[in-house]
Amino acid sequence: MRHRHPLGSRWRGVAVVIALTLVVIAAGVLAWTAVEADRAQRATAAGTVQDYADFAAFLIAGKVDTRLRQALFYAFYREDLAWRDGERTIDPRLLAEDPQESARCAPEYPAGPWALRIDGEGGVVASHGDPPLALRGWVADTLRALASGLDRDADRTGHLVWPGALGGRLVAYRIRGGEDDGTAVVSYALGSCARDRDGDVVAAALAEGGVLPPTLVGTIPADSLVRARLATTGPETGSGVDQAEAAESEADPAPSGPVAGLATGTEAGPRGGVPIVVELRAGVPSTLLRGRGSVYSRAPLAIGLLAATLALLATAALLVFRTARLVRLRERFVADVSHELRTPLQQVVLFAQLLRIGQARTEDERGQFLAIIEREAVRLIALVDRILAFSRPAADRSDEGPADLADVIRDVATSFRPLLAERGQRFVLEVPPSAPVAAPVGAVHQIVTNLVDNAAKYGPAGSDIALRVSGAGTTLEVVDAGPGIPFEERDHVWRAFYRLSREEGAARAGSGLGLAVVREAAGRYDAVAEIDDAPGGGTVFRVRFRPAEAS
C-alpha cells in the first residue's frame, strides 16, 4: 500500500488557494464592471430626466415670454408714441397713470403704479408713485449696469424680477441708447400689475399644458408634473439667478438627483426674456423613465459574489493552514514518540545482551539488570497505553465500581519509585486511608499515572513530588518543583501535541499527549482538571472528582 507524502496534500491545498485567488480576481473584475455599468446607466437615466426638465422649462419659458412681450407693448406704448414724435424724454407720470393700470394695481399697490426715469449714470431723474426704497435703489443699480453695456444707438426692453419681494416682483424697463446728436442714455422702470406681468403669468402658462410628452404622462395636469417659478435678476449683470424664497418651498419634496431644468425665454430684437426655473415634482422622473428600461443595478449581485468568493478563499486558506499545522504536528509527534520509544528499547536490548553474554558478575548485578529491563518495559507499556488512550478513549466498564483515589495513588507511587530513584526524586504522600470517587479505577489510574509522569519529567533532579488528596477526599493534587507553566499557556497545555513556547526546539522528548489524556479522561466522568502555581515554586495539577454515591 502506497502512502501519500504530506507535501502532496500541502501542495494540493496551495493549488486550491491559487485557483480561488484567480476566481476572486475574476469576481472583482466582474464587480467593477457591474459598478461601472450601473454608474453609466444611472448617468444616462439622469441625463434623460434632465433633458425632459430642460425641454419643459424651454416650453414654459416660451409661453411666459410671449405673454410678457405682449404686456411690454402696452406698458410703454405712450413712450413709443412720444419717441416717434421726437420727444426723447417723457414724464414718468404718463407711464404710471394709465387708467387700466391703476385699476389692476389696486390690490397690490393701493397708491397706484409707480414709474422712474433714470439717467445713464444710474441716478433717478424723475419718479411717480411710491416704490419701496430698497426696490428703487436696486432698479437704479441694475439699469445702470445694463445701460453701460449697451451700444449708443441700441434700445432694450424687458423685465426684471426683484428678489426682495416674496415670490419675486416684475419690473418692466426700457433703455433708450444715446444718439450721435448728443442725446443721453435714458431708462424707464415701471412697477406694474398688468394681468400678464404679475405672478399669475407662470400659472397661466402651466394651465395651457403640453409641457411633457403625453405618451409618458398621459392627461396629468402640468402643474402636477412640474413646479415653475420666475428667477430673480442679478443687479450686476441682469442674469437669471434661482430664487430660493420661503414661498417657493412647497410641501412637495425636492427632486433627488439632477432633475431641475433651467431655460430662459427667447429674445427677439431688443426684448429680453425672464429666466424660468422648472423642477420636476417627486415621482415624475420614474414616470418619465418608464418604458425606457428600468434602472436595475447588478452591482449588489456582483459585490455579493465577490464577498462570497472572498469568504471561500479565506476558508480554503484556513483549511490549508490547519492541514499544514496538522502535518507538522504529526511529524513532530512521530519524531518525539520514536525518540521516547527508542530510549527504553535501547536499555532493554543493552541489558538483555549483557545478561546473554554473562556480563553479570554477581546475582545482585543480575537482579539489577532484570529490574532495569522490567522498568523500561513498564515505561514502554505506559507510553503505548497513553497513545491508545488518546487515539481510542476507553469505553466505560460496567464491571468496575467507584475507584478509591487513595489506593490508586499508592499503587502508582509504588510503580514509579524505581524511576524516581534514578533521578534522586521522591514522593511525598498525603493521602487518607480511603477516598472513593465517582470514576472507574482504570480512568483514575490513567489520570494519576500521566500527572505523575509529567511531574517526574519536568521536576528537577533531587526534588520532591507531592501527591495529596483534599476536598473531602475527592480532589487529587500533584505538586512538582519544576519551572511552572505561564498563565497565558495554561489553557493550551491540555491540547494534544502542544509544547510550551520555551520548549520549542528543545531536545527534551515527550509525546505531548499526557495532559490531553488527563483532561479527556476527567471529562468523561464530570471531573474538572485545573492548573495552579505551587506556593514554593513549581506547578499544582488539580483534578476535582465527584464523590462516589453511597451504596
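The values are calculated or read from the model by the stated rules, or taken from the named source; none is laboratory data. Since this is a predicted model, take the numbers as computed values, not measurements. Every residue, glycine among them, receives a Cβ derived from its backbone with ideal geometry; neighbour counts consider all protein chains shown. Side chains included, ligands, DNA and RNA excluded: accessible areas come from the protein's heavy atoms. Shrake-Rupley method; radii C 1.70, N 1.55, O 1.52, S 1.80 Å.
Of the residues that sit in segment 391-419 and are modelled with pLDDT of 80 or more and hydrophobic (A, V, I, L, M, F, W, C), which one is most open to solvent (accessible area, probe 1.4 Å)?
Of everything passing the filter in segment 391-419, Phe416 is most open to solvent (accessible area, probe 1.4 Å).
Using the structure shown, decide if Leu170 is modelled with pLDDT of 80 or more and not in a loop (DSSP other than H, G, I, E, B). Steps first, please.
Numbers: modelled with pLDDT of 80 or more: no; not in a loop (DSSP other than H, G, I, E, B): yes.
The answer is no for Leu170.
So is Leu150 touching a strand residue (DSSP E or B) at 6+ places or on another chain (Cβ under 8 Å), open to solvent by 30 Å² or more (accessible area, probe 1.4 Å), hydrophobic (A, V, I, L, M, F, W, C) and modelled with pLDDT under 75 or not?
Values: touching a strand residue (DSSP E or B) at 6+ places or on another chain (Cβ under 8 Å): yes; open to solvent by 30 Å² or more (accessible area, probe 1.4 Å): yes; hydrophobic (A, V, I, L, M, F, W, C): yes; modelled with pLDDT under 75: yes.
Considered against the rule, which asks whether it is touching a strand residue (DSSP E or B) at 6+ places or on another chain (Cβ under 8 Å), open to solvent by 30 Å² or more (accessible area, probe 1.4 Å), hydrophobic (A, V, I, L, M, F, W, C) and modelled with pLDDT under 75, Leu150 comes out as yes.
Only one of these conditions is not met by Ser9: (1) modelled with pLDDT under 75; (2) more than 30 Å from Arg322 (Cβ to Cβ). Which number is it?
Just one mismatch for Ser9, condition (2).
Can you name the residue in segment 536-551 that is open to solvent by 70 Å² or more (accessible area, probe 1.4 Å) and at pLDDT 85 or above and is also nearest to Leu467 (Cα to Cα) among such residues? Explain how you work it out, then say what you get.
So in segment 536-551, the residues open to solvent by 70 Å² or more (accessible area, probe 1.4 Å) come out as 536, 544, 546-547, 549-551.
Checking which are at pLDDT 85 or above leaves us with 544, 546-547.
Numbers: Arg544: 14, Arg546: 19, Pro547: 19 Å.
Filtering first and then ranking leaves Arg544.
Can you tell me which residues in segment 48-65 are in contact (Cβ under 8 Å) with a residue 40 or more places away in the chain and not aliphatic (A, V, I, L, M)? Quick ask: steps written out before the conclusion?
Going residue by residue through segment 48-65, those that are in contact (Cβ under 8 Å) with a residue 40 or more places away in the chain are 48-50, 52-65.
Within segment 48-65, Thr48, Gln50, Tyr52, Asp54, Phe55, Phe58, Gly62, Lys63, Asp65 meet the criteria.
Here's the yes/no breakdown for (1) within 18 Å of Gly178 (Cβ to Cβ); (2) in a loop (DSSP other than H, G, I, E, B); (3) modelled with pLDDT under 80:
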position	(1), (2), (3)
Tyr74	no, no, yes
Arg78	no, no, no
Gly112	no, yes, yes
Ala115	no, no, no
Ile118	yes, no, no
Glu121	yes, yes, yes
Trp138	no, no, no
His159	no, no, no
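Name the residues in segment 37-46 that are in contact (Cβ under 8 Å) with a residue 12 or more places away in the chain and of a type in the set (Gly, Ala, Ser), would you? If you could, list the steps in order and put the result at the bottom.
As a first pass, look at segment 37-46 and keep what is in contact (Cβ under 8 Å) with a residue 12 or more places away in the chain: 37-38, 41-42, 45-46.
Once the filter is applied, which keeps residues that are in contact (Cβ under 8 Å) with a residue 12 or more places away in the chain and of a type in the set (Gly, Ala, Ser), segment 37-46 yields Ala37, Ala45, Ala46.
Name the residues in segment 460-503 that are among the small types (Gly, Ala, Ser), over 47 Å from the mean Cα position of the chain (by Cα) and either closer than 30 Å to Arg325 by Cβ or open to solvent by 30 Å² or more (accessible area, probe 1.4 Å) (or both), would you? Show your work before the answer.
Looking only at segment 460-503, we keep the residues that are among the small types (Gly, Ala, Ser), and these are 461-463, 466, 470-473, 481-482, 484, 496, 501.
If we keep only those that are over 47 Å from the mean Cα position of the chain (by Cα) too, we end up with 461-463, 466, 470-473, 481-482.
Correct list: Ala461, Gly462, Ser470, Gly471, Ala472, Ala481, Gly482.
Before we move on, is Ala254 aliphatic (A, V, I, L, M), open to solvent by 50 Å² or more (accessible area, probe 1.4 Å) and at pLDDT below 70?
Details: aliphatic (A, V, I, L, M): yes; open to solvent by 50 Å² or more (accessible area, probe 1.4 Å): yes; at pLDDT below 70: yes.
Yes.
Count, please, the residues in segment 445-459 that happen to be open to solvent by 40 Å² or more (accessible area, probe 1.4 Å) and under 15 Å from Ala534 (Cα atoms).
Count: 1.
Please verify whether Pro344 is open to solvent by less than 40 Å² (accessible area, probe 1.4 Å), in a helix (DSSP H, G or I), modelled with pLDDT of 70 or more and more than 30 Å from Tyr498 (Cβ to Cβ), treating the condition exactly as stated. Quick ask: steps written out before the conclusion?
On the way: open to solvent by less than 40 Å² (accessible area, probe 1.4 Å): yes; in a helix (DSSP H, G or I): yes; modelled with pLDDT of 70 or more: yes; more than 30 Å from Tyr498 (Cβ to Cβ): no.
Against the criterion (open to solvent by less than 40 Å² (accessible area, probe 1.4 Å), in a helix (DSSP H, G or I), modelled with pLDDT of 70 or more and more than 30 Å from Tyr498 (Cβ to Cβ)), Pro344 does not qualify.
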